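Asks: Below: one structure in structure tokens.
The values are calculated or read from the model by the stated rules, or taken from the named source; none is laboratory data. Because the structure is predicted, anything quoted here is derived from the model rather than measured. Note: ideal-geometry Cβ built from the backbone for every residue, glycine included; neighbour counts use all protein chains shown. Keep in mind that these areas ignore ligands, DNA and RNA; they rest on the heavy atoms of the full protein, side chains included. Shrake-Rupley method; radii C 1.70, N 1.55, O 1.52, S 1.80 Å.
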Amino acid sequence: MPISVGDKIPDVTIKTIGPDGPEDISTGDIFSGKRVVLFGVPGAFTPGCSNTHMPGFVIKADKVLEKADTLACMAVNDAFVMRAWQKDQNAQAILMLADGNAELTRALGMEKDASAACMGIRSLRFALIAEDGVVSYVGIDTERGVVDKSSVDTILQHLPS
């Protein structure tokens, strides 16, 4: 069951990339005492994620960060792939989160089995807003190629001033 409005973000340790390589980062540290926008994608460098989903957040990152403390992107990829995708997308304003083992993805109830396409467990396409670790908005896109409930424009509509 996917995480819902009013639920607390589970405390899970995942990876981000630091100056010396992959570093542990806990969701408790990311979300505690902050307003955070997190969007999840099925995979870095995939067409829908690279051509549609991520670019909106890159273009409007400043608008999101006027209303949120952190803008983060998560995928079931390793930290090196997430760093390369960040560079490729010019997404320096976005905290890239590598959930290589899908632990956070599963804890959020956002996993999908893409084994039929030889991609294993992946994340659903989603976006959420959390206030001090409590979800205030969650949008999940389930139709292939559609970015609507998880788009930056939808997020901006739901972010309080």
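Asks: On the basis of being open to solvent by 50 Å² or more (accessible area, probe 1.4 Å) and at pLDDT below 95, does Arg144 make the cut?
Replies: Judged against the criteria, Arg144 is a match.
Asks: Also, I was wondering about something else. Out of all the residues in the range 90-110, which are more than 19 Å from Ile9 (Cβ to Cβ) and open to solvent by 30 Å² or more (accessible area, probe 1.4 Å)?
Replies: Answer for the range 90-110, where residues must be more than 19 Å from Ile9 (Cβ to Cβ) and open to solvent by 30 Å² or more (accessible area, probe 1.4 Å): Asn90, Gln92, Ala93.
Asks: Which residue out of Ile140, Ile121 is under 14 Å from the mean Cα position of the chain (by Cα) and β-branched (Val, Ile, Thr)?
Replies: When all the criteria are applied, what remains is Ile140.
Asks: Still on this structure, I have one more. Every residue in the range 74-89 that is open to solvent by less than 30 Å² (accessible area, probe 1.4 Å) and β-branched (Val, Ile, Thr), please.
Replies: Passing the criteria: only Val76.
Asks: Still on this structure, I have one more. For Pro19, indicate whether it is within 26 Å of Asp132 (Cβ to Cβ) and either open to solvent by 20 Å² or more (accessible area, probe 1.4 Å) or of a type in the set (Asp, Glu) (or both).
Replies: In short, no.
Asks: Just to verify a result, which residue in the range 111-131, among those that are open to solvent by 30 Å² or more (accessible area, probe 1.4 Å) and of a type outside the set (D, E, K, R), is modelled with the highest pLDDT?
Replies: Leu124
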